[in-house]
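K.L.:
For reference, the structure I am asking about is given below.
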Amino acid sequence: MRGKVILSGLGVLTAAGDDIASSLVTFQGMVRPPVVNHSLEGLEQTFPMFAVQGKGIPDVDRTYHLALRATRQALVDAGLEQMPPGFRLGVCVGTTVACQLNDIPFYRSYRETGQPPLEPVYRFLLGSLAERLADAVGTEGPVMTVVNACSSGTDAVGVACSWLNANLCDAVIVGGADELSKIPSSGFWSLSVKSPALCKPFDRDRQGLNLGEGAGIAILERKASAIQRGRSTNLEVAGFGAAADGYHLTAPHPEGFGIELAIRAALADAGIQPEQIDFVNAHGTATRENDRIEGHALARVFGSSVRVVSTKGYTGHTLGAAGGVELVFTALALREGWIPANMGFENQDEQIPFSPLTAVTPLVRDYAISTSLAFGGNNAAVVLHRVKEGA
Amino acid sequence: MKLSGVGVVCAGGAGVDALKVYLKNPDAPKPMPMGNKELLPVLQIPSEVFKNPLLAPVRRADRFSKMTLLAALEAWQGAEADLSRVGIILASACGPHATVFKFVNDLLDFGESKSSPTVFSQSVHAAAASMIASTIQSHGPVLNLADLAFPFESALTLADAWLEEGRCDVVLVGATEEMSDVYVHAISRMWGNRFVPGEGSFFFRLERDGTGPSLRVQHTIPDTASCLLENSEALGGASEDRAPGTSFVRHSGSLRIGGAFLLAVAELIRRGERLVGMTETGTVSPIQIVSTCGKRQRVIVMEKDIL
Amino acid sequence: MMDARETKLAEIRQRLKELLVENLNLQDVTVDQINDDAPLFGGDIGLDSLDAVEIVVILQRHFGVEIKDMDIGRRVFQSIRVLAEYIYEKTNP
């Protein structure tokens, strides 16, 4: 990382809580949020889904509203509800649902009547997720919607850092958002990776992922800019790395080649050694493949005593939001000084060289890393740093 | 950043040479009708393009991925690089929507519990670039973006940043847009016959240094006299005030990624090709591509080698 | 002389080959070229994990047969012959 980049604001909305404070309560209490048991047409069995409880988030255009709510939380946290004159604010967010015209009633009507109502098309043409957030916030800075599947939110952090390094803006609204949708619900079912039970990341008996929805947004800002505004924090983005498996459309590289490359690149970018990392907020979807492959890669880089948590046990897999949500949760752990427990874990898988943390655990070091592995073989990792007073 | 390779798939066929022939042909291109009941003329990619033997290894690729892969492979030809430092950026406005609709069709026909995992995997925006990485065996960062206003220009700006900060040694930057029956239906209801939509994929190999022309993206048109190409007929985004310059919309069709088509055109002009409708040739520098969306614009500037 | 069972099995094998070639977009192989006993995975036909889950859907849609877990899938997807026999057992109890 060239210049210092800090996180000057955080916002989050998932099944674990409608904001930062309620999310921390959930983690402290080690309580799984209530789930919706969702069935697919034609199947008797149901699947747990982690829905956002928050009132006032409409079903129509839901991803945008989730993103906007989290964005507003983050801007307030950063003291940016009113922007200083000349302040250049970019928007880089990820999604998998909001980037497509995938409205099922629209398409059903098109097939049946040939004259579907055009509202879904007009809504789609209002702009991409990032474009609409930029309009809502009133900024003219750089704008990008990342559509890298499950690593979108983390990849968005990489883009934001590149923009800040290139001095294209002073700060970036970064993260991701996604609503629950029948399309990935059906798609992940057909790929045979959905669990009919609550997900158990890294557990020997894990059966797959649970879907979730939400938004995780951070304000990344050049430290000099935040100091000038009197809003600096001690949370830094220390490094970022991304790498492609170059292997297969849906299966991750069996040796975790890409995720290991991404992690090592992020550590090198941060200028630190693996032993300086306190814990990993893993991708940890609870599929047989991901946890085994990611687990091996983490053990190779950090050793088998690595401290790992997957927060997907509280939120489900929020797809395009996951990287943003997990960035916020990792930052919170550094800020609060404790790491949430990995829910759902009971028995170590002998194919995975470690067990995740099963209790709320105090932090002992000052760096943490969040990892994401995506469909199509994109892998990304971001290193966060809590800077000690006087440093 | 310097341009070292170009790849094109469009209504004129596959390849920069095909684009050259297409743009020198004095006969106007003929859009072909697409759609279900109401038909709209669309500048479609000829179907024989998809029979290219280079596509045989990607048997499950959809049309969007196939056109993307062909254009990327052409731009990649002749590259020598550390594959762990090769990045890929793919921009699109609407992504693989034909495949999204195919998946929704599946859901409606067979039910949510019997949808095709292959069609689902292809309907994800990240599929096409994933195929490029698998084919060329690159391991650098891959970034897919989907925006309506300036997707390609944002991609170029990001590539420049990656090269400057040393994240990559080579970046393959491209843009792909496809048409489908559903989109044709929506377009004709919203805008009638005002637009002839296009489709295509355009890729550019970029490096930090090199002997090729240099590229940059800015928000205003430079003052210097130069060759101007303009993309203000982007589908649904056409401005009231057209930017000055030559439009190739009769060849590209209306495309939000029209800037990418025009960058390929700019490269042909730089090489000295005299194209239909152009008076300038490669003696002029810089060549500028102006894309407008509402009141905003982005300008891609191509300068020849600085002597 | 083929009995009713063998006739039905032959029909299922033929239909399976057609469905695989069409739905898996197999480029280099025609229906007639697929050997009944050739390994579907790891052999010349070279199917992968995505094809495996696609075959599960093909079985559901076209034969009404459900594969409830992929351990069963790994066992019965060995070859056209083994798969056809599984389908026959499930549809003619």
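K.L.:
From the list B:LEU158, B:LEU163, B:LEU107, B:LEU143, which residue is modelled with pLDDT of 95 or more, assigned to a helix (DSSP H, G or I) and within 7 Å of another protein chain (Cβ to nearest Cβ)?
P.N.:
B:LEU158
K.L.:
Based on this model, can you work out whether B:HIS139 counts as more than 28 Å from B:ARG296 (Cα to Cα) and touching a Leu at 6+ places or on another chain (Cβ under 8 Å)? Step through it out loud before you land on a result.
P.N.:
Working: more than 28 Å from B:ARG296 (Cα to Cα): yes; touching a Leu at 6+ places or on another chain (Cβ under 8 Å): yes.
Criteria met by B:HIS139.
Every residue, every condition in (1) over 27 Å from B:LYS114 (Cα atoms); (2) more than 7 Å from chain B (Cβ to nearest Cβ); (3) not in a helix (DSSP H, G or I), yes or no:
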{"site": "A:ARG111", "(1), (2), (3)": "no, no, no"}
{"site": "A:PRO120", "(1), (2), (3)": "no, yes, no"}
{"site": "A:GLY127", "(1), (2), (3)": "yes, no, yes"}
{"site": "A:MET144", "(1), (2), (3)": "yes, no, yes"}
{"site": "A:CYS150", "(1), (2), (3)": "no, yes, no"}
{"site": "A:GLY153", "(1), (2), (3)": "yes, yes, no"}
{"site": "A:VAL159", "(1), (2), (3)": "yes, no, no"}
{"site": "A:ILE173", "(1), (2), (3)": "yes, yes, yes"}
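K.L.:
Return the residues of the stretch C:12-30 that are away from chain B (no Cβ under 12 Å) and either among the basic types (Lys, Arg) or over 20 Å from B:SER116 (Cβ atoms) (or both); say none if nothing qualifies.
P.N.:
Scanning the stretch C:12-30 gives C:ILE12, C:ARG13, C:GLN14, C:ARG15, C:LYS17, C:THR30.
K.L.:
Right, here's the next one. Taking B:THR176, is it assigned to a strand (DSSP E or B) and of a type in the set (Ser, Thr, Tyr)? Step through it out loud before you land on a result.
P.N.:
Values: assigned to a strand (DSSP E or B): yes; of a type in the set (Ser, Thr, Tyr): yes.
Considered against the rule, which asks whether it is assigned to a strand (DSSP E or B) and of a type in the set (Ser, Thr, Tyr), B:THR176 comes out as yes.
Here's the yes/no breakdown for (1) within 14 Å of chain B (Cβ to nearest Cβ); (2) buried (at least 23 other Cβ atoms within 10 Å of the Cβ); (3) over 17 Å from the mean Cα position of the chain (by Cα); (4) more than 23 Å from B:ASN105 (Cα to Cα):
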site	(1), (2), (3), (4)
A:GLY29	no, no, yes, yes
A:GLU44	yes, no, yes, no
A:VAL52	no, yes, no, yes
A:LYS55	no, no, yes, yes
A:LEU66	no, yes, no, yes
A:GLY79	no, no, yes, yes
A:ALA98	yes, yes, no, no
A:ASP103	yes, no, yes, no
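K.L.:
Go through (1) touching a strand residue (DSSP E or B) at 6+ places or on another chain (Cβ under 8 Å); (2) surrounded by 20 or more Cβ atoms within 10 Å (Cβ to Cβ) one by one and return the number of the condition B:VAL104 breaks.
P.N.:
Here B:VAL104 clears every test but (1).
K.L.:
Next question. Of all residues being surrounded by 21 or more Cβ atoms within 10 Å (Cβ to Cβ) and not in a helix (DSSP H, G or I) in the stretch C:53-77, which is farthest from the other protein chains (Cβ to nearest Cβ)? Just the residue, please.
P.N.:
C:PHE77
K.L.:
Give the residue that is farthest from A:ILE219 (Cα to Cα), with candidates limited to residues of the stretch A:122-140 that are surrounded by 19 or more Cβ atoms within 10 Å (Cβ to Cβ) and aliphatic (A, V, I, L, M).
P.N.:
A:LEU129
K.L.:
Further, regarding this structure: Which residues, counting only those in the stretch A:129-142, are under 19 Å from the mean Cα position of the chain (by Cα) and within 11 Å of chain B (Cβ to nearest Cβ)? So that I can check it myself, show each step before the final result.
P.N.:
Going residue by residue through the stretch A:129-142, those that are under 19 Å from the mean Cα position of the chain (by Cα) are A:129-130, A:133.
Passing the criteria: A:LEU129, A:ALA130.
This table checks each residue for (1) within 22 Å of B:ILE88 (Cα to Cα); (2) surrounded by fewer than 24 Cβ atoms within 10 Å (Cβ to Cβ).
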position	(1), (2)
A:TYR247	yes, yes
A:PRO252	yes, no
A:GLY256	yes, no
A:ARG264	yes, yes
A:PHE279	no, no
A:ALA282	no, no
A:PHE302	no, yes
A:THR318	no, no
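K.L.:
Hey, can you tell me all the residues within the stretch A:344-387 that are surrounded by fewer than 24 Cβ atoms within 10 Å (Cβ to Cβ), farther than 25 Å from A:LEU75 by Cα and among the aliphatic types (A, V, I, L, M)?
P.N.:
A:ILE352, A:LEU357, A:ALA359, A:VAL360, A:LEU363, A:VAL364
The values are calculated or read from the model by the stated rules, or taken from the named source; none is laboratory data. Quantities reported herein were computed from a predicted structural model and do not represent experimental measurements. Quick reminder, even Gly has a Cβ in these numbers, built from the backbone with ideal geometry, and neighbours come from all protein chains shown.
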